[in-house]
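Inspection log for the structure reproduced underneath, given as structure tokens.
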Amino acid sequence: MGYDIERFIGPINDGLLCCICRDVLEDPLQAPCEHAFCSVCIHGWLVHENFCPEDRRTLWASELKPIFRYMKNDLNQLQIRCKNTRAGCTFVCDLEHAAAHDRECPFDTVECPSVGCTVMVERRQMEEHLQSCEFRTRECPRGCGLPLLSTEDADHNCIAELRTTLELLRSEMICKVEDQKQEMELRLDAQRRHMVQRESALQSQVDELKSQMSRLTQDVQILSDKEKQRVEETQRLELEKKELMDLLRSLHIREPEERIITKKHICRQCHKTEKVTLL
Ligand SMILES: [Zn+2]
Ligand SMILES: [Zn+2]
Ligand SMILES: [Zn+2]
Ligand SMILES: [Zn+2]
Ligand SMILES: [Zn+2]
């Protein structure tokens, strides 16, 4: 929205008026067709339309440019009255500096800066209001350093206030510690569960190894039994062999007298008789 044409002193060139609001251009932009508009006015228009409101030529927001420099100079040199003329401000300046005056005009109505206070007063009366503002805070002059509302002044007790603050801090600390404790417990719980899982896995491995071990022990037992049997068998056989050998040897010793048989044999060729020994 442009500046109210009534606020200006002296005649104004038509070219410095917005084609939409017909007031004096504020934050001006111009279309390729050279029609100029307040930034707010033309952007509002282009939300629903896509042509220049003056000559209906196609227009896109991306085509908007700053106005010519000579126009800008003319605009800046217009003499404008303060927007608070009705409230009593008689300030007049060129448009270029109007915004700076608006920010500090003593007749401007502003909100009290105290938190919670909704009083609106003219800037020039703010100092007076703050003297009596219920929500005005200042640092305690008696040393605790806490902000004081002016209404609290009489019954403010530094020690009690500090104690309350301390209590507050302590309960915050307790909350934090409690939170941390819970978190630690959760973590510990998770670790404990993990350990239990691992322990049971290890236990089943141990069980498996034990059963393998007992199977091996059985096998070894069987083998050693067999070995024992074999050794016994060998010993028995050795014994038998020895007995047989003994028997055989005793037979050999007796035989010469008993078993050597002498036969008389008559040779078929020479017809001589010869002695033959049979074993
Ligand atoms: Zn406008
Ligand atoms: Zn146009
Ligand atoms: Zn003013
Ligand atoms: Zn106030
Ligand atoms: Zn205090």
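Read-outs: derived from the displayed coordinates by stated rules, not from any lab. Since this is a predicted model, take the numbers as computed values, not measurements. Every residue, glycine among them, receives a Cβ derived from its backbone with ideal geometry; neighbour counts consider all protein chains shown.
Taking the mean number of other Cβ atoms within 10 Å as a proxy for protection, how do you rank 202-214, 11-23 from highest to lowest? Show your work: numbers first, answer last.
Working: 202-214: 10.0, 11-23: 16.0.
Most protected by this proxy first, the peptides run 11-23, 202-214.
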- Backbone N within the range 206-225 under 15 Å of label point (7 Å from GLU233 Cα along the Cβ vector): 223-225
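Suppose only helical runs count, i.e. DSSP H with n ≥ 4. What mean residue ellipticity at 222 nm does that imply for the chain under -39500 (n - 2.57) per run, divided by all residues and rounded to the nearest 500 deg cm²/dmol?
Details: 5 runs with 132 residues, N = 279.
Helix-only estimate at 222 nm: -17000 deg cm²/dmol.
Beyond 34 Å, what share of the Cα-Cα pairs of the chain remains, rounded to the nearest whole percent? Let's see the in-between values first.
On the way: 27640 of 38781 pairs.
Of the Cα pairs, 71 percent sit more than 34 Å apart.
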- Item | Computed over the chain: relative contact order in percent, which uses C-alpha pairs under 8 Å that are six or more apart | 7 percent
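Shape verdict for the range 5-81, please, from the Cα gyration tensor: rounded (a/c under 1.5), prolate (a/b greater than b/c) or oblate. Walk me through the numbers before you get to the answer.
Numbers: a/c = 2.35, a/b = 1.85, b/c = 1.27.
Prolate.
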- Message: Quick check: Cα centre of the range 174-241 to Cα centre of the range 138-172, how many Å?
- Response: 70 Å
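Can you sort SER200, SER62, SER39 by how many other beta carbons sit within 10 Å, fewest first?
Numbers: SER200 10, SER62 6, SER39 15.
Exposure proxy ranking, most exposed first: SER62, SER200, SER39.
Return the FRET efficiency for the residue pair GLU152, VAL115: r is the Cβ-Cβ distance, R0 is 22 Å, and the value is rounded to the nearest 0.05.
The formula returns an efficiency of 0.95 here.
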- Just add up the charged neighbours of ASP108: K/R +1, D/E -1, any other residue whose Cβ is under 13 Å from the Cβ of ASP108. +1
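Stretch LYS226-MET173 to full length: gain in nm at 0.36 nm per residue minus the Cα-Cα span?
On the way: separation 53, 0.36 × 53 = 19.08 nm, distance 7.81 nm.
Length gained, LYS226 through MET173: 11.3 nm.
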- Listing LEU188, LEU46 by rising number of other beta-carbon atoms within 10 angstrom, fewest first, gives LEU188, LEU46
